[in-house]
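Below is one structure, written out as C-alpha cells, with a few remarks after it.
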Amino acid sequence: MSEKLFTEFPPVTTEQWEEVINKDLKGADYDKKLVWKTQEGFSVRPYYRAENLSEIPFLDSEPGQFPFVRGTKNDNEWLIRQDYCLCEGPAKANELALDGLMKGVNSLGFWVDGKKGLTDAEMETLLKGIAISAVEINFCGCCPGKTFPLIESFLKVAAAQGVKKEDIRASFDFSPLHNLTVKGHVCDDAFDKLANCVKAVKDYPNIRVINVEAYDFNNAGSSISQELGYGMAVASEYMAALTDRGLEAEEVAKRIKFTFAISGNYFFEIAKFRAARVMWANIVKAFGVECPEAQKIQSHAVTSEWNQTVYDSYVNMLRDTTETMSAAIAGVHSIEVLPFDYAYRKPNEFSNRMARNVQSILKEEAHFNKVVDPAGGSYYIENLTASIMKSAWDIFKAVEAEGGYVAAFKAGSVQKAIKEVSAKRDLNIARRRETILGTNQYPNFLEKASDEITPEIVKRGASKPECSCTPEAEPLEAYRGAQAFEALRLATDLSGKQPMAFMLTFGNLAMCRARAQFSCNFFAVAGFKVVDNNRFSSIEEGVKAALEAKADIVVACSADDEYAEAVPQIAEAIGDKAVVVVAGDPECRPDLEAKGIMNYINIRCNVLDTLKEYQAKMGIKEL
C-alpha cells in the first residue's frame, strides 16, 4: 500500500502551533507556564516534533550496532533476578534460591559476608541442585581479601558439574570504589587485587568481576544525570587503574558490570538506560577498544530504595511496577524488584512472590520482551536521551578534569554536587512539590505504625556502615526520600496521643469542601485524627460540634471573602479550648493576625516544618 494515511489533513507547522499556544496563554510567560526546568539541569519543552530530531546523531543505528542506543542485542529478553542473604547459612539460601528458580527466577544473587567469604564446602552447599549452565549466578558483598578465594570456590563447583567455561554466566561485585563512596576509604592494594580477579577469569568469557554500583548515587538523592555521570566516572577509573597495571583495555571492559537504580521518573529512566549504552560504548572506544562485544554495556537494574516508604508500604508494589516497566522498555540485562517491605523488615514469601511476579507479568502477559527498543523514534524519548546524555557527559568530564573519580571524591566535589540536588529534592518533598504517595500526600488516615517500624528505620543517618579504616573522604549518606515525613508520623504514633483536627466547614460549598479535603490530607500526614464535615448551616452549629467532639485543632474552611467576619467569631467562641487554623491565605490575613489569629495552612506551606510546629503545640516531641 503506497497511499499515505491522513493525507486529507493539511500539515500544521510549528509556527502555527506556537501561535495557538501563545493565544491560549493570554499573555502569560511561555517558559514559566509550559517549560519544565528539571533537576537534571536541562529544560523540557511542552511538545516535540520531527524537526527536534534533526541534531541527534545516533538515530540511524539499529539494535546491536554501535553506539547501541537501541540495545546491545537483537531482542529484548532480560533476566529476572532475586537476591538471597546467607545470614541463615548457605543451606537456607540454597533452599530459597531453588524455590525462586521454580517460580520464574533465572538470575540468582547471593549476599555473602565479605569478611568471611565462603569455604569450598559452603559453596557446594549453596549451589547444590542449581544447574550453573542454566542460570546466572551473582555474588554480592565481595571484599578485597575474600573475592579471589570466592571465585576459585565457585569455579571448582562449576568444574565439578562439567559446565563449559563459555556457558558459565556469573558476576562478583568486587568494587573498591563502592567502599570509597559509602565508607569514605579505598584500600591501598584494592586495585592490585582487582587485577588478580580479572586474570583469574580470563578463560571465562561471561564472568564479570567488577561492579559499578551507580545506585549509590541514587540512594543519596542524586539526579538521574548524576547517577549516570558519576557511574561512568567510576567505570572509567577502573579502566584506567587496571590498564595501568598491565591489563588490556578490552579485557577490563568485558569484566565490568553496572548496577543502576530505577527511580520513579518513568520516561527519564527509559532515556537514562539508552544514554548509558551510548556513553559506555564511547568511553570504551576512547580507551582504544574496537571490539563491539567489549563496547556493549551490561546493566543490571534494581528498583529504587530511595523511593520506598514504610507507611502505606503496599504502594511500593505500584512503584515497583512502573520502575520495572521503564527498565524493561529501555532494554537491560537483568532486573531485580525489591519487595515492598524491603525498607523495614526481612521480606517474606508473599512479598518476594509479588516482587518476582511484577516481572513475570511484564513478560508473560504484557509481552514487554517481544519488542526491541519500543521507545525508539519517539520525539520525546529521543530528545530526553540526548539531553540526559549531554548533562551526564558534562558531569563525567568535570570529574575527569579533576583527575578522575577518586581525586574528585576525595576533594569533596561529588558529595557537594549531590547534596545540592538532594537538598532541593528534600525541600520539594517538604513543600509537596514532589509527591510521595501515602507519605506527604494522600496518607492512609487509619494506619498505625507496626512494631516493625522503629525510630532507627525512619531517622536519617540512623545506620552507618561500620569500618575500622580511617576515612579519606566524607561518604555519601544513603537515605529514603520519605524518611523525614515518616519520622514525623511515627512521633505521633509513639506519643500515645492522637490530636484531632476538626473541619469547621461553612459558607461557599465548593470552597469549603475543597479546603476541608486539603486540610484533612494535611493533618493526616502527621498521623492526626481528622474529622471532616459536609457543611454546617451556621458558625454557631460548627463551633458547637467542634467543642462536643473535643477537637484539639479547629480548621476554618470556606472562601476567602467569608473569613474576615467568620474567623474572629470562631476564634472567640473556641477560646483556648482548641487551636484555630485558617485553611488558605486570604487577603484579610493581616487583619486576622492583628486579632491574634496566627495559624494558617495553604499550598505554599512547608508542610513538614508546619506539622512539626503543630506537633509541638500538641506536646508531641520529635524523634
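None of the figures in this text is laboratory data; all of them are computed from the coordinates on show. Predicted model, so just to flag it, every value in this text is computed and none were measured. Cβ coordinates were reconstructed from backbone atoms using ideal geometry, including for glycine residues, and neighbour counts include every protein chain displayed.
What is the magnitude of the charge dipole of the chain about its Cα centre, with +1 placed on the Cβ of each Lys and Arg, -1 on the Cβ of each Asp and Glu, and no other charges, expressed in debye to the nearest 20?
Working: 72 positive and 88 negative charges, 125 e Å.
Computed charge dipole of the chain: roughly 600 debye.
Can you give the angle from 0 to 90° between the axis of helix 315-330 and the longest principal axis of the chain, with both taken from C-alpha atoms, to the nearest 10? Helix 315-330 sits roughly 40 degrees off the main axis of the chain. Based on the convex hull around the alpha carbon atoms, segment 78-174 presents an average projected area of 5.6 nm². Distance from the Cα centre of segment 12-37 to that of segment 237-285, in angstrom? Comparing the Cα centres of segment 12-37 and segment 237-285, I get a distance of 39 Å. So what is log10(I(q)/I(0)) for segment 156-218 at q = 0.14, 0.20, 0.21, 0.26 1/Å, when the Debye sum runs over its Cα atoms only? Cα-only, vacuum Debye calculation for segment 156-218: -0.51, -0.83, -0.87, -1.08. Relative to the dominant Cα principal axis of the chain, helix 509-524 is inclined by about 50°. The charge dipole of segment 518-576, taken about its Cα centre with unit charges on the Cβ atoms of Lys, Arg (+1), Asp and Glu (-1) only, comes to about 340 debye.
Starting with the highest mean, order 597-603, 8-14, 478-484 by the number of other Cβ atoms within 10 Å, averaged over the residues of each peptide. Provide the component values of the computation, followed by the final result.
Details: 597-603: 17.0, 8-14: 8.4, 478-484: 22.0.
Highest-to-lowest ranking by the protection proxy: 478-484, 597-603, 8-14.
Amide H contacts of Arg208 (H built 1.01 Å from N, in plane; Pro and chain starts excluded): Ala170, Ser171, Phe172 sit under 5 Å, all sequence-distant by 5 or more or on other chains.
The ratio of the alpha-carbon radius of gyration of segment 308-421 to the globular-protein estimate 2.2 N^0.38 Å is 1.39. The per residue volume of the convex hull around the alpha-carbon atoms of segment 143-249 is 106 Å³. Estimated from helices alone, the mean residue ellipticity of the chain at 222 nm is -14000 deg cm²/dmol (sum of -39500 (n - 2.57) over DSSP H runs with n ≥ 4, per residue).
Distance between the C-alpha centers of segment 422-459 and segment 68-122? Whole Å please. Centre-to-centre distance over Cα atoms comes out at 31 Å. The residues packed around Glu548, meaning those with a beta-carbon under 13 Å from its beta-carbon, carry a net charge of +1 if Lys and Arg are +1 and Asp and Glu are -1. For the chain, the longest principal axis of the Cα atoms and the long axis of helix 413-430 meet at an angle of about 40 degrees. Pairs of lysines in segment 78-174 whose Cα atoms sit within less than 20 Å of one another amount to 14, provided the residues are eight or more positions apart or on different chains. In a reduced charge model with +1 at each Lys and Arg Cβ and -1 at each Asp and Glu Cβ, segment 70-210 shows a dipole moment near 240 debye about its Cα centre.
A dipole drawn for the chain from +1 and -1 charges on Cβ atoms has a positive end, and of Ile283, Val554, Ile132 the residue lying farthest that way is Ile132. Close amide H partners of Gln441, meaning residues 5 or more places away or on another chain with modelled amide H under 5 Å apart, are Ile436.
Rank Thr470, Asn307, Ala573 by how far each Cα sits towards the positive end of the charge dipole of the chain (+1 on Lys, Arg Cβ; -1 on Asp, Glu Cβ) and give me just the farthest. Farthest towards the positive end: Thr470.
Dipole of the chain computed with +1 at Lys/Arg Cβ and -1 at Asp/Glu Cβ about the Cα centre; of Thr324, Val421, Ala392, farthest Cα towards the positive end is Thr324.
The alpha carbon radius of gyration of segment 497-617, expressed as a multiple of 2.2 N^0.38 Å, is 0.94.
Which pairs in the list Lys183/Lys346; Lys459/Lys497; Lys390/Lys612; Lys544/Lys595; Lys257/Lys346; Lys37/Lys397 are over 32 Å apart, alpha-carbon to alpha-carbon? Those over the limit are Lys390/Lys612.
Per the Kirkwood formula on distinct C-alpha pairs, the Rh of segment 211-254 is how many angstrom? Mind dumping the intermediate values first?
Details: mean 1/r = 0.0900 Å⁻¹.
Hydrodynamic radius (Kirkwood, Cα pairs) of segment 211-254 is 11.1 Å.
Of the two radii for the chain, the radius of gyration is 1.03 times the Kirkwood radius, both from the alpha carbons; that is the Rg over Rh value.
State the volume of the convex hull built on the alpha-carbon positions of segment 241-353, expressed per residue in Å³ and rounded to an integer.
Values: hull volume 13.7 nm³, N = 113.
Per residue, the Cα convex hull of segment 241-353 comes to 122 Å³.
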